[in-house]
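Below: one structure, written as structure tokens.
Just so it is clear, none of the values below were taken in a lab; they were calculated from the coordinates. Not measured: the values here are computed from a predicted model. As a convention, Cβ positions derive from the backbone with ideal geometry for all residues, glycine included, and neighbour counts pool all protein chains shown.
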Amino acid sequence: MNTDGHRCRRGFAGDRVVAAVRTTERRSLARVVLFAALAAGAMLAGAGWGESWEAIREAAASVRTVRASFVQEKRLPILTRPLRSEGTFAFRRPGSIRWEYRMPVESVLLTDGGDVRRYTKRDGEWAAEAGAGMEAMRVVLDEVAAWMSGRFDESAAFAATLSPGTPTTIELTPREEAIGRFVTRILVTLAETPGAVASIEIFEGAEASTRIEFQGMELNVELGDALFTAP
Amino acid sequence: MKAGVPIAAVLALLGCGGPPRLVPAAPQARDETLGRCLGVFPAPDFRAVHSISATLPGGVTGVFLGVSATSDGGRSFRGNLLSLEGMVLVDVEWSPAGLVVHRALPPLDREGFAAGMAADMRLLLLAPAGPPREIGEDGDGRAVCRWVREDGATQDIAIAADGEGWATTVWDAGGRKSRQVRGSGPMRDGFASRMELTASGESAYSLVLELVDVEAVGAGAGEMISAPPAPAGGCLDTPPRGPLYAIGASGREGGAHGETMDRETAFETVRRYLTKQFELPPEKVTAEAHLFEELALDSIDALDMISLMETELGMAVVEEELKTIRTVEDVVQYLVRHAPQKK
């Protein structure tokens with residue numbers, strides 16, 4: 001009991017663990033059977049566009065454009081609640097991307113396959129960012145463009161592991177330690193709609209992560225040039 | 001041409017003019033003035049998010065997000081500089097004991113950047129230590145509190161005569177103005193909605209900080225920086241996190257357990273196992289998450305997890321230590337103590 005008269009739980013769960021040792025083998029066998037059944041069910045349900053790299057590439061090949069809104073949640077050890085951002089994302093084959101945040105800071109990252117430009121809104125006007133840093137974003141956007149084309153397993157920077165199921169997930173892990181120092185892994189969850197991504201989660205070490213969840217995704221709508229060249 | 005010399009001398013004198021003379025405040029007004037000066041700092045502890053527009057030497061501009069949190073009653077802080085897309089670029093932690101750099105990505109990993117960032121954060125977020133040397137009024141009728149810091153620099157906090165806005169100015173030991181912060185706009189939880197920092201000198205730069213979000217926190221805020229003490233007579237819900245924050249300036253863990261798994265690898269191993277075997281959403285598997293109450297595992301689940309890790313990682317099972325396992329962090333620390341480092 002603590003000073004408030006509440007029962008302390010210290011050691012309670014641990015005792016349960018130790019007491020359970022004797023039944024482990026029996027329960028583990030049951031668990032194996034259960035997992036096997038679940039895995040079989042997941043495989044059947046996932047038998048679709050995400051069952052193989054080939055199937056993913058085929059589904060993505062039918063996608064010319066993507067447009068969606070997104071909600072981004074940043075988790076940091078020093079924050080008690082995630083930092084929430086909202087914006088829109090647009091992609092047009094082969095490499096045009098518009099990545100726009102509406103909050104907390106209005107900004108837009110643009111590429112039409114060539115240079116990458118970032119604009120931020122200051123005092124109601126769009127201002128182009130001047131300076132270094134865009135080359136790094138070029139690498140990031142090239143990677144995103146490859147994902148949108150279903151070419152997850154062709155990345156020079158990340159090794160991809162496909163886990164078909166409901167939902168299908170793709171885990172990307174850095175091939176080089178230099179990248180692993182700031183991104184430990186990326187988890188991409190495919191949407192039910194063939195060729196669409198439901199969410200992307202980026203892990204930066206043990207406790208910092210960014211989850212981007214796409215909403216209202218539209219495929220193959222007409223997206224003009226201006227969308228990828230001007231804020 | 002001769003006139004150029006005295007003009008340059010006058011300009012130089014103006015640049016090195018040092019802090020202005022103050023008319024001392026009346027004894028009965030000193031406490032009230034000091035209260036106004038210290039009122040520009042949020043208290044006691046908070047977590048805040050700012051947008052930061054930076055204008056750097058060479059005309060380089062950029063916009064970032066800054067996340068900051070103070071602890072220990074406003075005497076320590078941790079700060080993250082993020083890209084607008086959310087990538088943590090720099091992660092620093094400062095306390096009177098010194099500066100720890102948890103992370104610094106190129107090109108912000110250059111020598112001195114993290115120290116400069118921490119110095120600016122101190123100026124923006126923390127009240128100067130100790131009592132002021134002078135309290136008074138300057139020539140513009142502003143109420144001013146003046147501290148002389150350990151490094152010989154002078155720091156003034158001046159409150160506008162109309163009460164709208166404030167300025168913090170620092171002169172180095174040689175009397176040259178080195179930093180100025182101007183706060184303006186409505187206050188929110190002790191924060192000015194807008195702060196502008198100007199750094200003078202050879203590498204002059206300016207930062208404009210707009211408040212995005214702020215959350216005042218209670219006495220428990222210190223747990224992010226140091227291990228929380230066990231409440232007297234109460235229950236310790238989270239075990240002390242010794243190795244978790246024993247991180248050196250390189251961003252790598254200190255290696256207190258050279259032959260065993262480092263904490264980051266251990267956490268990823270546990271998280272991967274829990275998300276795969278129990279289909280838990282990765283975001284739920286935090287260090288603090290309680291295995292049984294929050295993640296809904298039962299004791300058999302926990303035992304299976306340890307057993308599998310014992311087999312896969314070739315580590316010893318120490319029954320007595322199993323009794324203390326209640327959270328994800330407990331399992332992580334168990335691995336840190338017992339799982340051999342992968343070669």
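Per-structure values
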quantity	calculated
Kirkwood-type radius of the stretch B:23-220, with distances r between different C-alpha atoms, in Å	17.4 Å
Magnitude of the charge dipole, the stretch A:53-228, Cβ model with Lys/Arg +1 and Asp/Glu -1, debye to 20	280 debye
Sorted by Cβ density within 10 Å, fewest first, the residues A:Trp53, B:Trp94	A:Trp53, B:Trp94
Å³ per residue enclosed by the Cα convex hull of the stretch A:53-228	134 Å³
Cα→Cβ-extended label distance, 7 Å offset, between B:Thr61 and A:Glu218, nm	3.2 nm
Order of B:Phe64, B:Phe77 under a 10 Å beta carbon neighbour criterion, fewest first	B:Phe64, B:Phe77
Dipole magnitude of the stretch B:23-220, debye to nearest 20 (Cβ charges: Lys/Arg +1, Asp/Glu -1, about Cα centre)	180 debye
Amide H partners (placed H, <5 Å) of B:Leu84, local residues excluded	B:Leu65
Hz values of 3J(HN,Hα) by residue in the stretch A:159-170 - Karplus curve (6.51, -1.76, 1.60), Gly and Pro given as x	8, 10, 10, 8, 10, x, x, 10, x, 7, 10, 10
Residue order, fewest to most surrounding Cβ atoms within 10 angstrom, among A:Lys121, A:Lys74, B:Lys276, B:Lys177	B:Lys276, A:Lys121, B:Lys177, A:Lys74
³J(HN,Hα), Karplus 6.51/-1.76/1.60, whole Hz, each residue of the stretch A:181-192, x for Gly, Pro	5, 10, 10, 7, 6, 10, 10, 9, 10, 7, 7, 5
Positive-pole candidate from A:Ile212, A:Leu223, A:Gly195, dipole of the stretch A:116-231, charges at beta carbon	A:Ile212
Table column - 3J(HN,Hα) (Hz), the stretch A:118-127, Karplus curve with 6.51, -1.76, 1.60, x for Gly and Pro	10, 10, 10, 8, 10, 6, x, 10, 6, 10
